[in-house]
Every structure is written in structure tokens, then in C-alpha cells.
Amino acid sequence: LWHERDISHSSAERIILPDTTILIDYMLHRFGKIIENLTVFPENMKRNMDRTFGLIYSGRVLLKLIDTGMSREEAYDLIQPKTAESWDKQVPFRPLLEQDEEISKRLSKEDLDDAFDYHWHLRHVDDIFKRVGLE
């Protein structure tokens with residue numbers, strides 16, 4: 001019956017729940033030590049971002065094109081060959097966009113500057129730190 005219990009269900013209380021909480025404690029302790037001793041190298045982070053030839057900004061460019069009234073499919077079809085060319089030829093993504101007539105008609109230099117600004121992705125970092133009490 002639904003409201004009755006037998007010993008077959010007790011493993012969750014006896015084994016799974018205690019083991020899980022012990023594991024979580026261990027994981028948090030290990031992670032705390034990692035974060036405490038973490039060394040960040042901003043120049044390496046920037047270099048790694050640059051290794052993508054600007055392709056990490058393709059999503060922002062896609063959204064900017066959509067904001068001009070273009071359908072998502074049209075914007076994707078316009079950008080996708082440029083991303084493939086950039087990656088295959090190991091050339092910067094932005095000049096390929098600037099050379100495209102259709103993209104240049106829809107997006108200004110300022111629009112592309114905004115799309116290629118990595119600070120946009122960091123805009124909520126301070127709020128996140130505040131939420132977890134790390135101001």
C-alpha cells in the first residue's frame with residue numbers, strides 16, 4: 001500500500017543520504033582550498049580569448065542582426081559561413097563581417113564594437129558576488 005513502508009526503502013535513509021552529505025562536505029572543502037589558492041593570469045585569459053579569432057562574439061553579432069529585424073535563420077545563414085572561414089583559415093572574424101555588404105548595411109562600426117566587447121559578458125559579475133556575500 002502507498003502509505004506503508006518496509007525495509008526495502010530504508011537504504012535511502014541509512015546509506016544514500018548520509019554518504020551524499022559526506023561527499024558534498026568533502027567536495028566543498030576541496031573546492032574551497034582550490035579557490036583559496038587560485039592564481040589568475042588575466043593576460044593568459046585574454047590570449048586564450050584571442051585564439052578564437054573573435055568567434056566567441058559570433059552569438060552577439062547574431063543577436064545584433066536579429067535586432068535589426070532579420071530573422072534568426074537569415075542571420076545565422078549570413079554569419080555561419082563567416083565563422084567557418086575564420087576558423088578554417090585562422091583569420092580574424094571581425095574583418096570578414098566588415099567586408100560583407102549585407103552585414104555592413106545592417107550593423108554600424110559601433111554595433112560591431114559593442115558586439116566584440118567582452119565586458120558585456122561580465123556585466124552581472126558584481127551582482128553575483130553581492131548575492132553570495134562577496135562584495
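Would you count, across the chain, every pair of lysines whose alpha carbons are under 26 angstrom apart, provided the pair is eight or more residues apart or spans two chains?
Here the count comes out as 15.
Quick one: Debye curve from the alpha-carbon atoms of segment 8-80 only, equal weights, vacuum; give me log10 I(q)/I(0) at q = 0.12, 0.19, 0.27 Å⁻¹ to two decimals.
Cα-only, vacuum Debye calculation for segment 8-80: -0.70, -0.84, -1.07.
Fewest Cβ neighbours within 10 Å first, please rank Asp50, Asp127 accordingly.
Asp127, Asp50
Using the number of other C-beta atoms within 10 angstrom as an exposure proxy, rank Val61, Val125, Val40 with the fewest first.
Val40, Val125, Val61
Run lengths n ≥ 4 of DSSP H only: what is the helix-derived mean residue ellipticity at 222 nm for the chain, with -39500 (n - 2.57) per run over all residues, to the nearest 500?
Taken over the chain, the calculation gives -18500 deg cm²/dmol.
By how many nm would the segment from Tyr26 to Asn44 lengthen if fully extended, with 0.36 nm per residue of separation less the alpha-carbon distance?
3.4 nm
Debye sum, Cα scatterers, the chain, no solvent: what log₁₀ I/I(0) at q = 0.12, 0.17, 0.20, 0.21 1/Å?
The Cα Debye sum returns log10 ratios of -0.71, -0.97, -1.17, -1.24.
Computed from the coordinates by the stated procedures, all read-outs in this text should not be read as laboratory data. Because the structure is a prediction, the values reported are computed rather than measured. Because the Cβ atoms are built from the backbone with ideal geometry, glycine has one as well, and the counts that use them run over all protein chains shown.
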